[in-house]
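Accompanying notes for the structure given below.
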Amino acid sequence: DQQVKQNSPSLSVQEGRISILNCDYTNSMFDYFLWYKKYPAEGPTFLISISSIKDKNEDGRFTVFLNKSAKHLSLHIVPSQPGDSAVYFCAASHSGTYKYIFGTGTRLKVLA
Amino acid sequence: GAGVSQSPSNKVTEKGKDVELRCDPISGHTALYWYRQSLGQGLEFLIYFQGNSAPDKSGLPSDRFSAERTGGSVSTLTIQRTQQEDSAVYLCASSLVHGGDSPLHFGNGTRLTVT
């Protein structure tokens with residue numbers, strides 16, 4: 001049972017435009033969400049997080065939105081840059097546990 | 001270094017052999033995780049260590065897999081009698097505390113290929 005789903009395996013965006021990566025979850029107990037970026041042959045790098053008490057968190061070009069009623073979160077990258085080309089994973093956990101459940105990732109390609 | 005260190009970075013082994021993968025977490029991080037990523041898949045949880053508590057081994061796929069964490073620091077993941085389906089990237093991560101508002105910091109992984 002995939003509790004965290006990233007239904008788009010890939011996404012291509014023109015440089016300077018907005019990239020929107022989506023993530024859905026099924027477990028209503030999840031209260032902490034993270035996004036990671038992964039380049040080939042490297043480990044995932046933490047990007048941004050959001051707790052369930054918020055619906056938005058912003059850090060520079062990266063903004064994460066959380067819609068608890070829809071069990072949906074998204075990562076917006078504005079403006080997109082070629083260096084943003086990577087695989088993006090969303091992950092979720094809840095305060096009663098320590099396990100982070102990851103999605104299968106979305107490969108973002110930013111075209112110059 | 002300041003990050004999570006894993007060794008070796010690549011390991012090719014013959015089916016049936018045992019392998020040991022090592023993880024050196026960030027100093028001061030009490031929580032340590034092992035995940036693996038098979039080709040085209042997401043990150044699969046394997047095992048979790050928190051301080052001196054008993055580890056959560058619920059993600060280990062079979063009894064051929066085991067892990068230790070000595071002195072609350074370095075961890076070793078051992079796979080006995082390797083099979084071709086064990087081929088994957090094995091990722092170690094650490095965090096300052098467990099759960100909650102404490103993101104995981106990953107190493108670069110060990111790419112294991114079983115021939």
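Just the number, please: percent antiparallel of the DSSP beta bridges in chain B, rounded to the nearest 5.
Of those bridges, close to 90 percent are antiparallel.
Given a 1.4 Å probe, how much area per residue of chain B is accessible, in Å²?
48 Å²
Distances over 25 Å make up what percent of all Cα-Cα pairs in chain B?
Tail fraction, whole percent: 16.
Give the calculated FRET efficiency between A:ASN67 and A:THR45 to the nearest 0.05, with a Förster radius of 25 Å applied to their Cβ-Cβ distance.
0.50
Summing both sides, how much accessible area is buried between B and A? Use a 1.4 Å probe and give Å² to the nearest 100.
In total, chains B and A hide about 1700 Å² from solvent.
So what is the accessible area of chain A per residue, in Å², with the probe set to 1.4 Å?
Counting only protein heavy atoms, the per-residue value for chain A is 48 Å².
What does the structure give for A:43-50 when I average, per residue, the other chain Cβ atoms found within 10 Å of the residue Cβ?
So the per-residue partner count for this stretch is 5.
Report, to the nearest whole %, how much of the accessible area of the protein assembly as shown belongs to carbon and sulfur atoms, 1.4 Å probe, protein only.
Whole-percent figure for carbon plus sulfur exposure: 47.
In the structure displayed, which of A:LYS38/A:LYS99; A:LYS68/A:LYS109; A:LYS5/A:LYS56; A:LYS37/A:LYS68; A:LYS38/B:LYS11; A:LYS56/A:LYS99 lie more than 25 Å apart, Cα to Cα?
The pairs that break the limit, which is 25 Å between Cα atoms, are A:LYS68/A:LYS109.
What does the structure give for A:91-101 when I average, per residue, the other chain Cβ atoms found within 10 Å of the residue Cβ?
What the average comes to for A:91-101 is 5.
Once you list every other residue whose beta carbon is under 14 Å from the beta carbon of B:CYS23, what net charge do they have if Lys and Arg are +1 and Asp and Glu are -1?
Summing Lys/Arg as +1 and Asp/Glu as -1 gives +1.
Between B:ASN52 and A:ILE18, what is the FRET efficiency for a Förster distance of 41 Å, r being their Cβ-Cβ separation, to the nearest 0.05?
Efficiency for this residue pair is about 0.30.
Can you tell me how much longer the chain between A:GLU58 and A:LYS109 gets when fully stretched, taken as 0.36 nm per residue apart minus their C-alpha distance, in nm with one decimal?
Roughly 16.2 nm would be gained on extension.
The values are calculated or read from the model by the stated rules, or taken from the named source; none is laboratory data. What you are looking at is a predicted structure, and each value in this text was computed from that prediction instead of being measured. Positions of Cβ are generated from backbone atoms using ideal geometry, with glycine treated the same way; all protein chains shown enter the neighbour counts. When the accessible area is computed, the model is the full protein with side chains, heavy atoms only, and any ligands, DNA or RNA have been set aside. Shrake-Rupley method; radii C 1.70, N 1.55, O 1.52, S 1.80 Å.
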